[in-house]
1. Against the empirical 2.2 N^0.38 Å scaling, what ratio does the C-alpha Rg of the chain come to?
2. At what distance in nm do the modelled label points of VAL72 and ARG26 sit from each other, each positioned 7 Å from its Cα along Cα→Cβ?
3. How tilted is helix 18-31 with respect to the longest principal axis of the chain? Cα atoms for both, answer in degrees (0 to 90, nearest 10).
4. Over the chain, what is the mean sequence separation of C-alpha contacts under 8 Å (at least six apart), divided by residue count, expressed as relative contact order in percent?
5. Would you mind checking the tilt of helix 47-62 against the longest principal axis of the Cα atoms of the chain, expressed as 0 to 90 degrees and rounded to 10?
6. How much length is gained if the chain between ASP4 and LYS58 is pulled fully straight, taking 0.36 nm per residue apart and subtracting their Cα-Cα distance, in nm to one decimal?
Amino acid sequence: MKTDSWLLLLYGLPTKRNAERVSLWRKLKKFGAVQLKSSAYVLPDNPANYERFQWLSKQIQDGGGEATLIRVAQIEGMPN
């Protein structure tokens, strides 16, 4: 997939939040997010995906976790 930039979501959830963790994983899969590492997912940068990651960030924070949304131009090792 050719894109000029990516959205990177980094997050952490409290260890006792298994239900929230599974729910988040299902939503990320539904959105087509690609897992880079544990708790690090990417999507192509476009308005719809930005809104999705913003919404997920809010859900994570409301559940007692931490979330960071980053816009990046290039990720080494990521297919175009």
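Bear in mind that the values in this text are calculations on the coordinates, not laboratory data. Bear in mind the structure is a predicted one, so any value in this text is a computation, not a measurement. Quick reminder, even Gly has a Cβ in these numbers, built from the backbone with ideal geometry, and neighbours come from all protein chains shown.
1. Values: Rg = 12.3 Å, N = 80, 2.2 N^0.38 = 11.6 Å.
The chain yields a ratio of 1.06.
2. The modelled label-to-label distance comes out at 2.8 nm.
3. 20
4. RCO, the chain: 51 percent.
5. Helix 47-62 and the main axis of the chain meet at about 20 degrees.
6. Numbers: separation 54, 0.36 × 54 = 19.44 nm, distance 2.55 nm.
Between ASP4 and LYS58, full extension yields an extra 16.9 nm.
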